[in-house]
Amino acid sequence: MDQPEILDSDIRDYDVRALQQWLRAAWEQLADPSLTTFSRRELRNQMKQCSADLRARLQMAAEQQSGPVQEPIPSYTRPALRILSW
């Protein structure tokens, strides 16, 4: 994995964590009885969008991890047995 891929995966991990934290905070805020009906509706709409974004990020991460697995190239292979006769 080269440097851009490492940075890209770190950013995706950060995005997933940030979205999870935002959703957790939004659920706590939604429980606040002083929120108006409009504010609740707007917060729920934002939560739906955030959930969709989180789902997409997790799907991308799952697809990357389940990519094609290459067999390691053996460093030494034993030669086939050959019988030589005159």
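Observations
- Residue in region 59-80 that is basic (Lys, Arg) and either within 18 Å of Asp15 (Cα to Cα) or in a helix (DSSP H, G or I) (or both) present: no
- The set of residues in region 31-43 being surrounded by 11 or more Cβ atoms within 10 Å (Cβ to Cβ) and of a type outside the set (D, E, K, R) consists of Leu35, Ser39, Leu43.
- Residue in region 5-30 that is nearest to Gln65 (Cα to Cα), counting only those that are open to solvent by 40 Å² or more (accessible area, probe 1.4 Å), at pLDDT below 90 and aliphatic (A, V, I, L, M): Ile6
- Exactly one residue out of Gln46, Gln70 is open to solvent by 90 Å² or more (accessible area, probe 1.4 Å) and either under 30 Å from Arg24 (Cα atoms) or among the basic types (Lys, Arg) (or both), and it is Gln46.
The values are calculated or read from the model by the stated rules, or taken from the named source; none is laboratory data. Here the structure is a predicted model, which is why all the values come from computation and not from measurement. FYI the Cβ positions are ideal-geometry reconstructions off the backbone, even for glycines, and counts take in every protein chain you see. Side chains are part of the model used for accessible areas, which takes the heavy atoms of the whole protein and leaves out ligands, DNA and RNA. Shrake-Rupley method; radii C 1.70, N 1.55, O 1.52, S 1.80 Å.
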